[in-house]
Protein chains: 2
Amino acid sequence: MEKPEHHIFVCASFRAGGDPKGTCHKKGSTDFLPYIENEILDRGLDAQVTSTGCMKACDYGPVMVIHPQGTWYGPVESEEAIDDILDALEDGEVATDYLIE
Amino acid sequence: MEKPEHHIFVCASFRAGGDPKGTCHKKGSTDFLPYIENEILDRGLDAQVTSTGCMKACDYGPVMVIHPQGTWYGPVESEEAIDDILDALEDGEVATDYLIE
């Protein structure tokens, strides 16, 4: 099976039962999933987007984690933020404005 | 913020709305979350477990992905499988019996 070069995780605050109730979801994290998917296609990135349950970084939400780089970003709450993060990913860099340190 | 050395993603088949409906969830992937959490503590691993929406590897479900190693495992449907995978993680190796290649 082909695995993606970049794996982008977007917190959707799913609880164990599935209800999306936490900070990231309330702040609209899942609204950006289609935008991220489209940007990946437009840029020709070898990347997969996966929504997640709570990643325990609620103070920084909406949270996005990119592996294998291991970069944690937040708050990611605009298309501009996503553009900056994906620009950095393409350049092998880190989008410092949104980095959770 | 402290980030985990190992980030373990367990597919819970969450749909966009949050309903856990897909293959991994039907095969009991989320039943093992407490076991994995306990094993991490017992072993003293610097690891975080995160449940996810569909990771598009349904044929291999229940699916577990470990980053930054980038190892995709499945089907992971027993405590024995989890033990083998975490043993390998501790040893810097790969649990070949469950590896999705």
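Read the figures in this text as sums done on the coordinates, not as results from a lab. None of these values were measured; they are calculated from a predicted model. As a convention, Cβ positions derive from the backbone with ideal geometry for all residues, glycine included, and neighbour counts pool all protein chains shown.
Entry note: segment A:62-101 has Rg to Rh equal to 0.91, where both radii use alpha-carbon atoms and Rh is the Kirkwood radius. What the Cα atoms of chain B give is an Rg and a Dmax of 12.7, 38 Å.
Using Cα centres only, tell me the gap between segment B:19-77 and segment A:19-40 in whole Å. Each part's Cα centre sits 21 Å from the other's. Each other copy holds its own label point for residue A:21; taking that point as 7 Å from Cα along Cα to Cβ, the gaps run 2.1 nm, nearest first.
Strictly over 25 Å apart at the Cα level, which of A:27/B:27; A:3/A:26; A:26/B:3; A:27/B:3 would you flag in this model?
Numbers: A:27/B:27 31 Å; A:3/A:26 30 Å; A:26/B:3 23 Å; A:27/B:3 22 Å.
Over 25 Å Cα-Cα: A:27/B:27; A:3/A:26.
Around the Cα centre of chain B, unit charges on the Cβ atoms of Lys, Arg, Asp and Glu (plus for the first two, minus for the last two) sum to a dipole of about 840 debye.
The trypsin sites (Lys or Arg not before Pro) of segment A:11-91 that DSSP puts in a loop, and whose beta carbon has at most 15 other beta carbons within 10 Å, are A:15, A:21, A:56.
Helix B:33-43 axis versus longest C-alpha principal axis of chain B: approximately 0°, rounded to the nearest ten. Taking the Cα centre of segment B:46-90 as reference, the dipole from Cβ charges on Lys and Arg (+1) and Asp and Glu (-1) amounts to some 400 debye.
Computed from Cα atoms, the angle from the helix B:79-90 axis to the main principal axis of chain B rounds to 50 degrees.
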